[in-house]
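Working notes for the structure below.
The values are calculated or read from the model by the stated rules, or taken from the named source; none is laboratory data. A quick note: this is a predicted structure, and the numbers were derived from the prediction, not measured. Ideal geometry is used to build each Cβ from the backbone, glycine not excepted, and the neighbour counts take in all protein chains shown.
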């Protein structure tokens, strides 16, 4: 079961990366690099996002996204190296959400959270924010 | 150069800082990163808000290229001077306030900027309670003092100006709002102050939010609402409880939210109203006479 009509993509850097087993090989990565997005919608059962502001005269704040996955198979688990998605379970990964192929949110993962119940029921979720969260860390000035 | 001492409790792990950790209740970790160079002043000329926004984005230490932007020219003129030491978010706030426009991240990850002078137009997406149009499942309205401002103080690099709506103050008491801007001159600052107390001087019946159920819309309507972006116009026509006078409101979208589950997908829009047409002397679009509902723009 997964949400219909909605796709969640997580990004990975494709540029040359020292010490990386794949991207660190010469003649393998692209020096300047880019970002490849992979569909990770498998098991997604809830998505919510918000951009902009609630009313006039308020400041526009960073857009927020949260995504929840059913995680009984530990597909989204940073301690499970056998998962094909383990490389995505990292904060600051670029994330994009589309509905019917139309983008509705793009930003960066802030936090992953994992909920394991003794019976094997498990939920993985992440929260993300849009580019404003990057801007907040940049002090303005000349070169 | 040591920038600080971090106390580590027994068994704590190194959280990515370079250095050695020691077990023990009061172990200390000294971190010696390369000190960041202090930001140098960024000289800026007198320019419109859109140009200023592009200029500060060009200074980002992480690249945010021009193709990643969707930026209007803007209507407010900003002062020349030096910018230094403010976070980019602060600068975006100041530019947004100076313009009374909208600075945001678009749904596809670009920096968006919409100037304040959105001329209402016919044919915008229309939300309705029944009939032809996009049917909503919930509409929220307000009529109160949450947006009331009858005394506006505008700070700009060369001084401070104020404007008041005395008629409103007599009825509702004084409600003041201070706006920090980079407006270029006194005339621009006075224009902004007058605009604020004119627009927000009295409580107004406003539509704050509309929610639609995407699963109940036709494919064409889904495409229509998914195509909406912050800053776009969206109209609402509804008759509360199905009787009495029909209400038609023109709005600008200032917030968009999605809530997707296995069985439902709702999309909510937050609005500011577009209650009047702007009137600007000598402007090709906003300067037309016979526009009696217009408000003097700035």
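Here are some notes:
- Only residues that are free of Cβ contacts under 8 Å to residues at least 40 places away in the same chain and over 11 Å from the mean Cα position of the chain (by Cα) were counted in region B:76-117, giving 7.
- Region B:139-180, residues that are within 13 Å of residue B:193 (Cα to Cα) and assigned to a loop (DSSP other than H, G, I, E, B): B:149, B:150, B:165
- Residues being surrounded by 18 or more Cβ atoms within 10 Å (Cβ to Cβ) and either part of a strand (DSSP E or B) or modelled with pLDDT under 95 (or both) - total across region B:202-215: 6
- A count restricted to region B:163-179 and to residues that are in contact with a strand residue (DSSP E or B) (Cβ under 6 Å, 6 or more places away or on another chain) and surrounded by fewer than 15 Cβ atoms within 10 Å (Cβ to Cβ) stands at 3.
- Candidate set: region B:123-138, residues that are assigned to a loop (DSSP other than H, G, I, E, B) and within 25 Å of the chain's Cα centre (by Cα); chosen: the one farthest from the other protein chains (Cβ to nearest Cβ): B:123
- Some residue of region A:109-119 being part of a strand (DSSP E or B), more than 11 Å from the chain's Cα centre (by Cα) and at the interface with chain B (Cβ under 9 Å from one of its Cβ atoms): no
- The set of residues in region A:37-71 being more than 7 Å from every other protein chain (Cβ to nearest Cβ), crowded, with 16+ Cβ neighbours inside 10 Å and in a loop (DSSP other than H, G, I, E, B) consists of A:40, A:41, A:43, A:61, A:62, A:71.
- Extreme residue, farthest from the other protein chains (Cβ to nearest Cβ), among residues of region B:109-122 that are part of a loop (DSSP other than H, G, I, E, B) and in contact with a helix residue (DSSP H, G or I) (Cβ under 9 Å, 6 or more places away or on another chain): B:115
- Unique residue being at pLDDT 55 or above and over 21 Å from residue B:121 (Cβ atoms) when the list is B:263, B:273, B:235: B:263
- Selection within region B:180-196 - crowded, with 18+ Cβ neighbours inside 10 Å and closer than 13 Å to residue B:100 by Cα: B:181, B:182, B:183, B:188, B:189, B:191, B:192, B:193, B:194, B:195, B:196
Let's see how each residue does on (1) closer than 30 Å to residue B:101 by Cβ; (2) at pLDDT below 85:
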position: A:6; (1), (2): no, no
position: A:36; (1), (2): no, yes
position: A:46; (1), (2): no, no
position: A:51; (1), (2): yes, no
position: A:73; (1), (2): no, no
position: A:79; (1), (2): no, no
position: A:88; (1), (2): no, no
position: A:99; (1), (2): yes, no
position: A:107; (1), (2): yes, no
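For every residue, the table says whether it meets (1) modelled with pLDDT of 95 or more; (2) in contact with a strand residue (DSSP E or B) (Cβ under 9 Å, 6 or more places away or on another chain); (3) within 14 Å of another protein chain (Cβ to nearest Cβ); (4) farther than 30 Å from residue A:68 by Cα.
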| site | (1), (2), (3), (4) |
| --- | --- |
| B:146 | no, no, yes, yes |
| B:161 | yes, yes, no, yes |
| B:186 | yes, yes, no, yes |
| B:198 | no, yes, yes, yes |
| B:257 | yes, yes, yes, no |
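- In region A:120-137, residue modelled with the lowest pLDDT [restricted to those that are surrounded by 11 or more Cβ atoms within 10 Å (Cβ to Cβ) and part of a loop (DSSP other than H, G, I, E, B)]: A:137
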